[in-house]
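I have placed the structure first, in the form of C-alpha coordinates, so that the comments after it can refer back to it.
The values are calculated or read from the model by the stated rules, or taken from the named source; none is laboratory data. The structure presented is a predicted model; accordingly, all values stated were derived computationally and were not measured. Here the Cβ positions follow ideal geometry from the backbone for every residue, glycine too, while neighbour counts run over all protein chains shown.
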Amino acid sequence: MMSAAPTFLQRKPTAPAPVLELWPDLRLTLGRVHEACGPNRRSFAMMIAQKTQGPVFWIAPQWATDRLHADGVHPFISPGRLTFLTPKRAEDILWCVEEVLRSGAVPLVVVDIPRLPALTPIRRLNLAAETGTAEGASPPLGLLLTPGDGGAPGVESRWRLAAAVHQGLGEQWHLERIRSRSDPPRNWRVSRQNGRYALGPLSKTDDTL
(Lines give C-alpha, C1' and ligand atoms only; values in the text may rest on other atoms or scores of the structure.)
Protein backbone atom coordinates (compact mmCIF):
# COMPACT_ATOMS: atom_id res chain seq x y z
CA MET A 1 0.00 0.00 0.00
CA MET A 2 1.44 3.33 -1.09
CA SER A 3 1.59 6.16 1.39
CA ALA A 4 0.25 9.55 0.51
CA ALA A 5 2.76 11.85 -1.18
CA PRO A 6 4.08 14.62 1.03
CA THR A 7 2.73 18.09 0.41
CA PHE A 8 5.43 20.42 -0.91
CA LEU A 9 3.26 23.34 -1.96
CA GLN A 10 2.31 25.97 0.56
CA ARG A 11 0.01 28.92 0.16
CA LYS A 12 1.95 32.17 0.01
CA PRO A 13 1.02 34.69 2.68
CA THR A 14 -1.24 37.44 1.41
CA ALA A 15 0.40 40.84 1.38
CA PRO A 16 -1.40 43.38 3.56
CA ALA A 17 -3.61 45.78 1.65
CA PRO A 18 -2.26 49.33 1.34
CA VAL A 19 -4.02 51.83 3.57
CA LEU A 20 -4.46 55.57 4.01
CA GLU A 21 -3.89 56.60 7.62
CA LEU A 22 -6.25 59.35 8.70
CA TRP A 23 -5.19 59.24 12.35
CA PRO A 24 -3.24 56.70 14.40
CA ASP A 25 -5.31 53.50 14.59
CA LEU A 26 -7.80 54.80 12.00
CA ARG A 27 -7.09 53.77 8.43
CA LEU A 28 -8.96 53.32 5.17
CA THR A 29 -8.09 50.49 2.81
CA LEU A 30 -6.91 51.75 -0.56
CA GLY A 31 -8.15 50.20 -3.78
CA ARG A 32 -11.66 50.02 -2.33
CA VAL A 33 -14.85 52.08 -2.13
CA HIS A 34 -16.00 53.48 1.21
CA GLU A 35 -19.17 55.32 2.24
CA ALA A 36 -19.80 58.45 4.30
CA CYS A 37 -23.21 59.62 5.48
CA GLY A 38 -24.54 62.09 8.04
CA PRO A 39 -25.04 65.86 7.90
CA ASN A 40 -21.28 66.54 7.78
CA ARG A 41 -20.28 63.82 5.33
CA ARG A 42 -18.68 66.38 3.00
CA SER A 43 -16.43 67.53 5.84
CA PHE A 44 -15.35 63.91 6.32
CA ALA A 45 -14.47 63.78 2.61
CA MET A 46 -12.35 66.89 3.09
CA MET A 47 -10.59 65.34 6.10
CA ILE A 48 -9.69 62.37 3.91
CA ALA A 49 -8.53 64.68 1.11
CA GLN A 50 -6.27 66.45 3.62
CA LYS A 51 -4.36 63.18 4.07
CA THR A 52 -3.77 62.66 0.33
CA GLN A 53 -1.45 64.29 -2.17
CA GLY A 54 -2.39 65.47 -5.64
CA PRO A 55 -5.72 66.16 -7.34
CA VAL A 56 -9.11 65.13 -6.00
CA PHE A 57 -12.00 64.45 -8.37
CA TRP A 58 -15.40 65.44 -6.98
CA ILE A 59 -18.34 64.00 -8.93
CA ALA A 60 -21.93 65.18 -8.46
CA PRO A 61 -24.98 65.32 -10.76
CA GLN A 62 -25.39 68.47 -12.77
CA TRP A 63 -28.79 69.16 -11.22
CA ALA A 64 -27.52 69.04 -7.61
CA THR A 65 -28.11 72.28 -5.72
CA ASP A 66 -25.49 71.74 -2.98
CA ARG A 67 -22.09 72.88 -4.21
CA LEU A 68 -18.78 73.14 -2.45
CA HIS A 69 -17.63 76.68 -1.76
CA ALA A 70 -13.95 77.66 -1.86
CA ASP A 71 -14.16 79.32 1.58
CA GLY A 72 -15.45 76.07 3.07
CA VAL A 73 -12.81 73.95 1.33
CA HIS A 74 -9.84 76.15 2.24
CA PRO A 75 -9.57 75.06 5.94
CA PHE A 76 -9.00 71.51 4.69
CA ILE A 77 -7.13 71.67 1.37
CA SER A 78 -6.30 74.11 -1.39
CA PRO A 79 -9.41 74.51 -3.60
CA GLY A 80 -7.10 74.22 -6.60
CA ARG A 81 -6.70 70.50 -5.91
CA LEU A 82 -10.37 69.88 -6.73
CA THR A 83 -11.64 68.95 -10.17
CA PHE A 84 -15.45 68.90 -10.46
CA LEU A 85 -17.26 66.53 -12.80
CA THR A 86 -21.02 66.99 -13.25
CA PRO A 87 -22.70 64.26 -15.32
CA LYS A 88 -26.02 65.27 -16.88
CA ARG A 89 -27.69 61.86 -16.60
CA ALA A 90 -28.17 59.74 -13.48
CA GLU A 91 -26.90 56.62 -15.24
CA ASP A 92 -23.61 58.37 -16.04
CA ILE A 93 -22.68 59.22 -12.43
CA LEU A 94 -21.30 55.85 -11.31
CA TRP A 95 -19.95 55.15 -14.80
CA CYS A 96 -17.87 58.31 -14.46
CA VAL A 97 -16.61 57.21 -11.03
CA GLU A 98 -15.69 53.79 -12.39
CA GLU A 99 -13.69 55.25 -15.27
CA VAL A 100 -11.74 57.62 -13.03
CA LEU A 101 -10.95 54.87 -10.51
CA ARG A 102 -9.84 52.49 -13.26
CA SER A 103 -7.50 55.10 -14.70
CA GLY A 104 -5.60 55.41 -11.41
CA ALA A 105 -5.01 59.07 -12.30
CA VAL A 106 -5.99 60.54 -8.92
CA PRO A 107 -5.63 59.25 -5.34
CA LEU A 108 -9.17 60.16 -4.22
CA VAL A 109 -12.50 60.11 -6.06
CA VAL A 110 -15.53 61.48 -4.20
CA VAL A 111 -19.05 61.05 -5.56
CA ASP A 112 -21.99 62.91 -4.05
CA ILE A 113 -25.01 60.80 -4.98
CA PRO A 114 -28.70 61.55 -4.33
CA ARG A 115 -29.73 57.93 -3.66
CA LEU A 116 -28.21 54.60 -2.69
CA PRO A 117 -26.70 52.54 -5.50
CA ALA A 118 -27.28 48.82 -6.02
CA LEU A 119 -24.77 46.09 -5.18
CA THR A 120 -23.61 45.35 -8.73
CA PRO A 121 -22.39 48.91 -9.47
CA ILE A 122 -20.52 48.95 -6.14
CA ARG A 123 -18.78 45.70 -7.06
CA ARG A 124 -17.73 47.26 -10.35
CA LEU A 125 -16.37 50.31 -8.53
CA ASN A 126 -14.38 48.13 -6.12
CA LEU A 127 -12.89 46.19 -9.02
CA ALA A 128 -12.01 49.41 -10.82
CA ALA A 129 -10.35 50.82 -7.69
CA GLU A 130 -8.45 47.58 -7.11
CA THR A 131 -7.04 47.44 -10.63
CA GLY A 132 -6.66 51.17 -11.28
CA THR A 133 -3.14 51.63 -10.03
CA ALA A 134 -0.88 53.94 -12.00
CA GLU A 135 2.78 52.94 -12.28
CA GLY A 136 4.60 53.68 -9.05
CA ALA A 137 1.44 54.93 -7.30
CA SER A 138 -0.83 53.54 -4.61
CA PRO A 139 -4.33 52.32 -5.52
CA PRO A 140 -7.01 55.03 -5.54
CA LEU A 141 -9.69 55.38 -2.90
CA GLY A 142 -13.35 55.87 -3.75
CA LEU A 143 -15.76 57.60 -1.38
CA LEU A 144 -19.54 57.60 -1.75
CA LEU A 145 -21.40 60.44 -0.03
CA THR A 146 -24.89 59.08 0.58
CA PRO A 147 -28.04 60.70 1.99
CA GLY A 148 -29.68 59.91 5.32
CA ASP A 149 -28.08 57.10 7.28
CA GLY A 150 -26.45 55.60 4.21
CA GLY A 151 -26.55 51.87 3.61
CA ALA A 152 -24.88 51.30 0.23
CA PRO A 153 -24.26 47.54 -0.18
CA GLY A 154 -20.81 46.15 -0.85
CA VAL A 155 -18.74 49.07 0.47
CA GLU A 156 -15.52 48.44 2.37
CA SER A 157 -16.61 50.62 5.28
CA ARG A 158 -19.37 53.06 6.28
CA TRP A 159 -18.86 56.23 8.34
CA ARG A 160 -21.11 58.91 9.78
CA LEU A 161 -20.00 62.42 10.72
CA ALA A 162 -22.18 64.96 12.55
CA ALA A 163 -21.41 68.17 14.40
CA ALA A 164 -21.10 67.75 18.17
CA VAL A 165 -23.09 70.01 20.48
CA HIS A 166 -20.69 71.87 22.77
CA GLN A 167 -20.56 75.34 24.22
CA GLY A 168 -17.39 77.33 23.62
CA LEU A 169 -15.23 74.37 22.59
CA GLY A 170 -14.81 75.27 18.93
CA GLU A 171 -15.44 72.99 15.97
CA GLN A 172 -16.05 69.40 16.99
CA TRP A 173 -17.66 66.42 15.34
CA HIS A 174 -18.90 62.97 16.29
CA LEU A 175 -17.39 60.36 13.98
CA GLU A 176 -18.91 56.89 13.91
CA ARG A 177 -17.57 53.84 12.15
CA ILE A 178 -20.86 52.10 11.46
CA ARG A 179 -19.39 49.05 9.75
CA SER A 180 -16.13 47.85 8.28
CA ARG A 181 -14.86 44.63 6.77
CA SER A 182 -11.76 44.76 8.96
CA ASP A 183 -12.66 46.69 12.13
CA PRO A 184 -15.52 46.76 14.66
CA PRO A 185 -17.96 49.68 15.04
CA ARG A 186 -16.58 52.57 17.07
CA ASN A 187 -17.14 56.23 17.93
CA TRP A 188 -14.72 59.17 18.23
CA ARG A 189 -14.68 62.91 18.73
CA VAL A 190 -12.93 64.96 16.02
CA SER A 191 -11.79 68.46 16.92
CA ARG A 192 -10.02 71.19 15.00
CA GLN A 193 -6.70 72.21 16.52
CA ASN A 194 -4.35 74.72 14.86
CA GLY A 195 -5.82 74.07 11.45
CA ARG A 196 -5.52 70.28 11.76
CA TYR A 197 -8.07 67.70 12.82
CA ALA A 198 -7.39 65.60 15.90
CA LEU A 199 -9.10 62.37 16.90
CA GLY A 200 -10.05 61.64 20.49
CA PRO A 201 -12.36 59.43 22.56
CA LEU A 202 -16.05 60.24 22.71
CA SER A 203 -17.23 61.13 26.22
CA LYS A 204 -20.58 60.18 27.69
CA THR A 205 -21.68 63.85 27.59
CA ASP A 206 -21.12 64.22 23.84
CA ASP A 207 -24.15 64.79 21.66
CA THR A 208 -24.69 65.46 17.97
CA LEU A 209 -26.91 67.66 15.88
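Just a yes or no: is a residue in region 42-54 surrounded by 15 or more Cβ atoms within 10 Å (Cβ to Cβ), of a type outside the set (Asp, Glu) and farther than 23 Å from THR29 by Cα? The answer is no, given that none of the residues of region 42-54 is surrounded by 15 or more Cβ atoms within 10 Å (Cβ to Cβ), of a type outside the set (Asp, Glu) and farther than 23 Å from THR29 by Cα. Comparison of PRO61, PRO6, PRO13 shows that the only residue that is over 20 Å from ARG196 (Cα atoms), of a type outside the set (Ser, Thr, Tyr) and either assigned to a strand (DSSP E or B) or modelled with pLDDT of 90 or more (or both) is PRO61. Among the residues of region 31-38, not a single one is modelled with pLDDT of 90 or more and part of a helix (DSSP H, G or I).
Every condition in (1) part of a strand (DSSP E or B); (2) modelled with pLDDT of 95 or more is met by ALA198 except one, and the failing one is (2). Taking (1) closer than 19 Å to PRO147 by Cα; (2) touching a residue at least 60 places away in the same chain (Cβ under 8 Å); (3) among the small types (Gly, Ala, Ser) in turn, ALA49 satisfies each apart from (1).
Just one of the listed residues (GLY80, GLY54) is without any contact (Cβ under 8 Å) to a residue 12 or more places away in the chain and either among the aliphatic types (A, V, I, L, M) or not in a strand (DSSP E or B) (or both), namely GLY80.
Remark: pairs (first residue in region 103-125, under 9 Å from GLY154 (Cβ atoms); second residue among the β-branched types (Val, Ile, Thr) and not in a helix (DSSP H, G or I); Cβ separation under 6 Å; 6+ apart in sequence or on different chains) = LEU125/VAL33.
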